[in-house]
Amino acid sequence: MTKKELAIKLLNMFFIITTLITIVMGVMGLIWERDRLLTYEVMFSPVIIGFISVLPSIVMYSKKELTLRQIVIRKVLHLFLLEIELIAFSKIMGIWNEVIGLPFVISILIVAVLVQVFLWLVGVQRANTITNELKAFQKEYRRNN
């Protein structure tokens, strides 16, 4: 993976994560803090959390092709770092409490899994596009030769 490919993947992850965090925050807010008023500062929190959530993804970077075992180990490490980082951030920001602790940890897991699913779907779509373009190129090449 080149640095450019990594940057594009991280940017895609950022937008997916930010969208999912906004949804999760809305759902959790409706369930546990329905009467709380939001300020303009709160609107930046999904973006900040999205940026923070992308940082552990650097463990996935490798110049060479990874084996399946290496990928699994790095994904587990990524999830572990992500959970620790976001729990620490929520404690520092004063939004952590015992009531939302477990749901918060579970929501991080759900968002992390959904991000991987969306990135996989984007990859499948990209692979299909490349395959179809290659087939069209081969067909054109055979017709001309």
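Looking at GLU41, GLU65, GLU33, GLU133, which is the one that is among the acidic types (Asp, Glu) and within 23 Å of ALA7 (Cα to Cα)? Spell out the reasoning first.
Details: GLU41 fails: within 23 Å of ALA7 (Cα to Cα); GLU33 fails: within 23 Å of ALA7 (Cα to Cα); GLU133 fails: within 23 Å of ALA7 (Cα to Cα).
Just one listed residue meets the conditions, GLU65.
Pick out, from region 26-145, the helices (runs of 4 or more DSSP H) lying fully within it that include 3 or more residues that are open to solvent by 70 Å² or more (accessible area, probe 1.4 Å), in contact with a strand residue (DSSP E or B) (Cβ under 9 Å, 6 or more places away or on another chain) and free of Cβ contacts under 8 Å to residues at least 24 places away in the same chain. Break it down into steps so the answer makes sense when it comes.
Details: elements: 40-43, 45-54, 68-93, 101-144.
Passing ranges: none, list empty.
Hey, among THR22, THR39, which residue is β-branched (Val, Ile, Thr), over 28 Å from VAL124 (Cβ atoms) and out of contact with any Ser or Thr (no Cβ under 8 Å at 6 or more places or on another chain)? Walk me through how you get there before you give the answer.
Details: THR22 fails: over 28 Å from VAL124 (Cβ atoms).
Result of the check over THR22, THR39: THR39.
The values are calculated or read from the model by the stated rules, or taken from the named source; none is laboratory data. These numbers come from a predicted model, not from an experiment. Glycine also receives a Cβ, built like all others from the backbone with ideal geometry; neighbour counts cover every protein chain displayed. The area values use the complete protein model at the heavy-atom level, side chains included, leaving out ligands, DNA and RNA. Shrake-Rupley method; radii C 1.70, N 1.55, O 1.52, S 1.80 Å.
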